[in-house]
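A short worksheet on the structure shown next.
The values are calculated or read from the model by the stated rules, or taken from the named source; none is laboratory data. All values derive from a computational prediction rather than experimental measurement. Heads up, the Cβs are rebuilt from the backbone with ideal geometry, glycines too, and the neighbour counts pull from every protein chain shown.
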There are 2 protein chains.
Amino acid sequence: MNTKPVVLLIEDEQQIRRFLRASLPDENYALIEAGSGLEALSKFDGNEVDLVLVDLGLPDIDGLEVISQLRKKSRVPIIVLSARGQEQTKIEALDRGADDYITKPFTIGELLARLRAALRRAGRASEPAEVHTFTLGDISVDLEGRLVRKKGEDVHLTPIEFGLLSSLLKRAGKVVTHNQLLKEVWGDEYMGETHYVRVYMAQLRAKLEDNPARPRFIMTEPGVGYRLKLQ
Amino acid sequence: MNTKPVVLLIEDEQQIRRFLRASLPDENYALIEAGSGLEALSKFDGNEVDLVLVDLGLPDIDGLEVISQLRKKSRVPIIVLSARGQEQTKIEALDRGADDYITKPFTIGELLARLRAALRRAGRASEPAEVHTFTLGDISVDLEGRLVRKKGEDVHLTPIEFGLLSSLLKRAGKVVTHNQLLKEVWGDEYMGETHYVRVYMAQLRAKLEDNPARPRFIMTEPGVGYRLKLQ
DNA sequence: GGATTTGATCAAAAAATGATCAAGATGACC
DNA sequence: GGTCATCTTGATCATTTTTTGATCAAATCC
């Protein structure tokens, strides 16, 4: 990516294609265009694409399906172009692995900001993480060594329990939704199985909290997910 | 926009045109006039317009239609000039993407305040990429982490309360109609259930305002909706 | 100025979501 | 093939959130 970043645009509306064709090259991006999902998948394979821009309303296969297909083979940043009011589809796109979305109509400035942010994230993502140990009150967690202690004593966690704890830790302080947890710990195909998360959160609390019924660390956000509270 | 902001006025009443022609240039705005909707659309394409002022009662195509057409290609700030009693039309204009409205007759001071507010919002909106945190007086909101604090203390919001707050926040400073809120937070099929919005705005105010009876942030726009006031 | 609409607030009822327990299923390992 | 820890699943009860209706206040309309 020393040269211009290559953007694959998947869009059937001519108006938007003309708009980007006119503006992106000036901003130092190379543009590849695809008018349909199938064309996009084949062009993706044939080029070194750095970022994908995909419209959700495509003629042949669904834009959502394109995202799923791309995610099967690549971690390329994907930004969704959505029309106003497509809230549900937009969320589904993010669940399938899109990185960001932008609502039409948009200005070139906005788009450029998103492109920069996504490329920056992608660049960073390849670097190894730095911090491996965390402390929460009397609990300490070593992510790399998979070691958890409470009041100095080793606590044994099962793989799923440990997975949940690390997902929460990686976003400590922020809410992590049920589906994010399911995706990261169980895999994409488990999304919707909220009950699993509950059962294991109860187990985690039983092992880590002094009083599981009044948790100090693992907080539930009803209707949304869980949050690891920083003390 | 380093030079004067360019305002496109779409208005058939000579009186108002004369009034603005006389006052806006003194206030450091450049004025382009259009007497009909079609004329406006063509002048918009031919100029670098920074803001649109549109009257709803036009001779040829409807002012509402002009708004829809403009929104298809641009996010330029649009302020509606509405006559007293055109409540329904005014709301429809906001639903179609207008940013604000001002009721005739108005003073030049009122109009200038709206112009400044709209242009300020537009300037901010161009780089919303990774701004997930906002500050309103002693309240801070992290949209990504779903974290709300007031005077440093965590405030717990339910999913609907949080949804309402983010809808307001995303359009901070501009009116959001009841139906826009219902659509975004509850879904299309809830449009018309204004009572829901009221109940939850009361709850939000109870949680966020020092004195819910005299709100500083969550302002009511009677007959229209709500507006998050920037301090 | 009285009637009607619109908005705020409260609280009860209904619905959705979450916690917990425990029985069975699974699968790795000896 | 049996044992063990772990995971899946179902049932039940608790909690939180949402919906709904009632009531009062304020603004707006004849």
Problem - Lone unmet requirement of (1) at pLDDT 95 or above; (2) more than 14 Å from chain B (Cβ to nearest Cβ); (3) out of contact with any His (no Cβ under 7 Å at 6 or more places or on another chain) for A:Arg227 - result: (2)
Exercise for the section: Sort out which residues of the stretch A:158-217 are under 25 Å from B:Glu153 (Cβ atoms), in contact with a helix residue (DSSP H, G or I) (Cβ under 8 Å, 6 or more places away or on another chain) and of a type outside the set (A, V, I, L, M, F, W, C), and write them in order of number. Expected result: A:Pro212, A:Pro215
Problem - B:Phe134 among the hydrophobic types (A, V, I, L, M, F, W, C) and not in a helix (DSSP H, G or I) - result: yes
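Specify which of the listed residues (B:Ala117, B:Ala172) is touching a residue at least 12 places away in the same chain (Cβ under 8 Å), farther than 22 Å from A:Leu111 by Cβ, away from chain A (no Cβ under 14 Å) and not aromatic (Phe, Trp, Tyr).
Values: B:Ala172 fails: farther than 22 Å from A:Leu111 by Cβ.
On inspection, the qualifying residue turns out to be B:Ala117.
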Practice task
Identify all residues within the stretch B:192-212 that are outside any helix (DSSP H, G or I) and within 9 Å of DNA strand D (Cβ to nearest atom); write none if there are none.
Solution key: B:Glu193
Practice task
Inspect all residues belonging to the stretch B:79-90 and state whether any of them is surrounded by fewer than 19 Cβ atoms within 10 Å (Cβ to Cβ), without any contact (Cβ under 8 Å) to a residue 24 or more places away in the chain and within 18 Å of B:Gly109 (Cα to Cα).
Solution key: no
Completion exercise
Here the qualifying pairs (Cβ atoms under 6 Å; residues six or more apart or on different chains; first in the stretch B:191-206 and under 14 Å from B:Gly163 (Cβ atoms) and more than 14 Å from chain A (Cβ to nearest Cβ); second assigned to a helix (DSSP H, G or I) and more than 10 Å from DNA strand D (Cβ to nearest atom)) come out as B:Val197/B:His178; B:Val197/B:Leu181
Practice task
Tell me which residues, restricted to the stretch A:177-231, are within 12 Å of DNA strand C (Cβ to nearest atom) and among the β-branched types (Val, Ile, Thr).
Solution key: A:Thr177, A:Thr194, A:Val197, A:Val199, A:Ile218, A:Thr220, A:Val224
Practice task
Taking only the stretch B:61-105 into account, find how many residues are more than 14 Å from chain A (Cβ to nearest Cβ) and hydroxyl-bearing (Ser, Thr, Tyr).
Solution key: 4
Exercise for the section: Please work out which one of (1) among the β-branched types (Val, Ile, Thr); (2) part of a strand (DSSP E or B); (3) within 11 Å of DNA strand C (Cβ to nearest atom) is the condition B:Val148 fails and give its number. Expected result: (3)
Exercise for the section: Sort out which residues of the stretch A:168-190 are surrounded by fewer than 17 Cβ atoms within 10 Å (Cβ to Cβ) and over 19 Å from B:Leu147 (Cβ atoms), and write them in order of number. Expected result: A:Glu184, A:Gly187, A:Asp188, A:Glu189, A:Tyr190
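Can you name the residue in the stretch B:131-157 that is at positive phi and surrounded by 14 or more Cβ atoms within 10 Å (Cβ to Cβ) and, of all such residues, is farthest from the chain's Cα centre (by Cα)? Before the answer, list the steps.
Taking the stretch B:131-157 first, the residues at positive phi are B:137, B:146, B:151-152.
Those left that are additionally surrounded by 14 or more Cβ atoms within 10 Å (Cβ to Cβ): B:137, B:146.
Working: B:Gly137: 21, B:Arg146: 24 Å.
Here the residue is B:Arg146.
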Problem - Residues satisfying the stated conditions in the stretch B:158-178, i.e. assigned to a helix (DSSP H, G or I) and either within 10 Å of DNA strand D (Cβ to nearest atom) or over 14 Å from the mean Cα position of the chain (by Cα) (or both) - result: B:Pro159, B:Ile160, B:Glu161, B:Phe162, B:Gly163, B:Leu164, B:Leu165, B:Ser166
Completion exercise
With criteria (1) surrounded by fewer than 17 Cβ atoms within 10 Å (Cβ to Cβ); (2) within 14 Å of chain B (Cβ to nearest Cβ); (3) outside any helix (DSSP H, G or I), A:Lys4 comes up short on (2)
